[in-house]
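The block underneath contains the structure these notes are about, expressed in structure tokens.
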Amino acid sequence: MEESNEIGAKCALVTIIGRPSAGKSSFLNCATGEDVSIVSAMPQTTRNAIRGIVNSEKGQLVFVDTPGWHDSEKKLNLRMRAVVGEQLDSSDLVLYILDTTRNAGDEERLISQMLKAHQKKIVVALNKIDSADSNENVARAFVSANLPEIDSSRVISISAKNGNGIDSVLNALFSISPDGFPLYPEDFYTDQEVDFRIAEVIRGEAINRLEKELPHCVYVQIADLEMRTPTKAWCRAFLCVETESQKGIVIGKGARLIKEIRVESIKKLRKIFGWKFDLDVQVKVDKNWRQKDRVLDKIL
């Protein structure tokens, strides 16, 4: 990324915003080429503002994957919406991702209202055009009616699942990015701390194996983390749930499920860090944790 060290190179902080399951995390992982953010069919799996970094000869884009904007008054959802608002106000650019397989409802209209004051810095990605249920024309009409100041050249059809249109989105973002020096070294694709990445990998492996409301009842606590050699790490983590019955479900019959979560987490962590990993995963109850500020302050 030689040009990024010269005057005239581009650098921008880009907030990704959209409804739950619009494909924000899929876009980020595809754009960076790495598993930066949890991807799941379960809505609202992203809880934090997670950064993914794209470097090119044009400069550097630092993406912030935000929680899906969900209209709910539950304490956890209110905290996640606050994360979205903070990132929107502090970003240079906004990538607004719409799911073209769903009709625009109240949440989509609320998002568009929130974005009206930021139209000059928005690129829109119309996602899931590869689906038979996609209705791209309806999505374009929604953008035109609700965000009329966004030029049509910045409304781009994509499939984050298979990578179609991703480069066009990046080019559109670079075209309106400010000049600047890179915020991170060119070999960085995320700025997440090691313990956060471990927790997110474990949580991702858990929620993709759980059903109904249970994935939202889980958070991960890293109790111990040691580098026992320069190439071998040991970690003890707790999958925390709200009730004893949930604990039994997460452990599974004969501890089958928790073993599977542990084994698959180790595989992914070895791939991410290039270390040998020894992982101890246990399940414990933290009753009604989603109503406790001390827990929410730690995980959000």
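Read-outs throughout are calculated quantities, based only on the coordinates presented, and are distinct from any laboratory measurement. All values reported here derive from a predicted model rather than from experimental measurement. Here Cβ is always computed from backbone atoms with ideal geometry, including for glycine, and neighbour counts include all displayed protein chains.
Less than 5 angstrom separates the built amide H of Gly180 from those of Gly8, Ala9, Lys10, Cys11, all sequence-distant by 5 or more or on a different chain. When the charge dipole of segment 118-259 is built from unit charges on Cβ atoms (+1 for Lys and Arg, -1 for Asp and Glu) and taken about the Cα centre, the candidate among Leu257, Leu147, Ala160 whose Cα reaches farthest toward its positive end is Leu257.
So which of Lys161/Lys259; Lys120/Lys268; Lys247/Lys271; Lys24/Lys268; Lys253/Lys276 end up more than 31 Å apart, counting from Cα to Cα? Pairs exceeding the cut-off: Lys120/Lys268.
Normalised by residue count, segment 231-300 yields a Cα convex hull volume of 93 Å³ per residue. Phi angles across segment 190-197 convert, under the Karplus curve 6.51 cos²θ - 1.76 cosθ + 1.60 with θ = phi - 60°, into 3J(HN,Hα) values of 7, 10, 5, 5, 4, 5, 5, 5 Hz, Gly and Pro given as x.
Give me the compactness ratio for segment 143-237, meaning the Cα radius of gyration over 2.2 N^0.38 Å. The partial results should precede the final answer.
Numbers: Rg = 20.1 Å, N = 95, 2.2 N^0.38 = 12.4 Å.
Output field value: 1.62.
So what's Rg/Rh here for segment 172-300, counting alpha carbon atoms and using the Kirkwood radius for Rh?
Values: Rg = 17.4 Å, Rh = 16.4 Å.
Rg divided by Rh gives 1.06.
For segment 142-155, 3J(HN,Hα) computed residue by residue from phi via the Karplus equation (6.51, -1.76, 1.60; θ = phi - 60°) reads 4, 4, 4, 6, 9, 9, x, 7, 7, 5, 4, 5, 9, 10 Hz, glycine and proline entered as x.
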